[in-house]
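The values are calculated or read from the model by the stated rules, or taken from the named source; none is laboratory data. This is a predicted model, so every value here is computed, not measured. FYI the Cβ positions are ideal-geometry reconstructions off the backbone, even for glycines, and counts take in every protein chain you see. Ligands, DNA and RNA are excluded from the accessible area calculation, which covers all protein heavy atoms including side chains. Shrake-Rupley method; radii C 1.70, N 1.55, O 1.52, S 1.80 Å.
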Amino acid sequence: MATILTDSNFAEIQAQGLPLVIDFSATWCGPCKKIAPIIDELADQYEGKAIVCKCDVDECDELTAKFGIRNVPTILFIKNGEVVDKHVGAAPKSTFTEKIEALL
């Protein structure tokens, strides 16, 4: 299950030192709902290697602004505090797996 990311727990999660995968989504977004199970599968698959998070853009104004999120779903791939890759829109699991593997 993906970690729920909020404005208040971002620093704590980032401090763990693992690569981050953040799914910026919204409850009203159809494509977001489509990839939600994939994000949860990836969280289980990469447990201990990367932290896979879900961030609701309607509840996390600070993070949404910090990363300049304008469309959902937007998935960010972060290593050493830097965004190294980004994917906007729904995609098959293999697309996200490739991007996570590149982080490790």
Checking rank on 31-38, 70-77, 83-90, with mean other Cβ inside 10 Å and highest first, the result is 70-77, 31-38, 83-90
Taking only the Cα positions of region 19-82, the convex hull volume per residue in Å³ is 76 Å³
In debye to the nearest 20, the charge dipole size for the chain, taken about the Cα centre with +1 at each Lys and Arg Cβ and -1 at each Asp and Glu Cβ, equals 340 debye
Heavy-atom accessible area per residue of the chain, all protein chains kept, 1.4 Å probe, expressed in Å², is 53 Å²
Rounded to the nearest 5, the percent of DSSP beta bridges in the chain running antiparallel is 60 percent
Quick calc, Gln16 & Ala102: beta-carbon distance into FRET formula, R0 30 Å, rounding 0.05, result 0.95
Dividing the helical contributions, -39500 (n - 2.57) per DSSP H run of n ≥ 4, by the residues of the chain yields a 222 nm value, nearest 500 deg cm²/dmol, of -10500 deg cm²/dmol
Restricting to Cα pairs under 8 Å and 6 or more apart, the percent relative contact order of the chain works out to 36 percent
Carbon plus sulfur, as percent of the 1.4 Å-probe accessible area of the chain, comes to 50 percent
Residues meeting the amide H criterion for Val84 (H placed from the backbone, H to H distance under 5 Å, 5 or more places apart or on another chain) are Phe77, Ile78, Lys79
Any aspartates and glutamates whose Cα falls less than 17 Å from that of Lys33, other than same-chain ones fewer than 8 residues away, would be Asp23, Glu41, Asp56, Asp58, Glu59
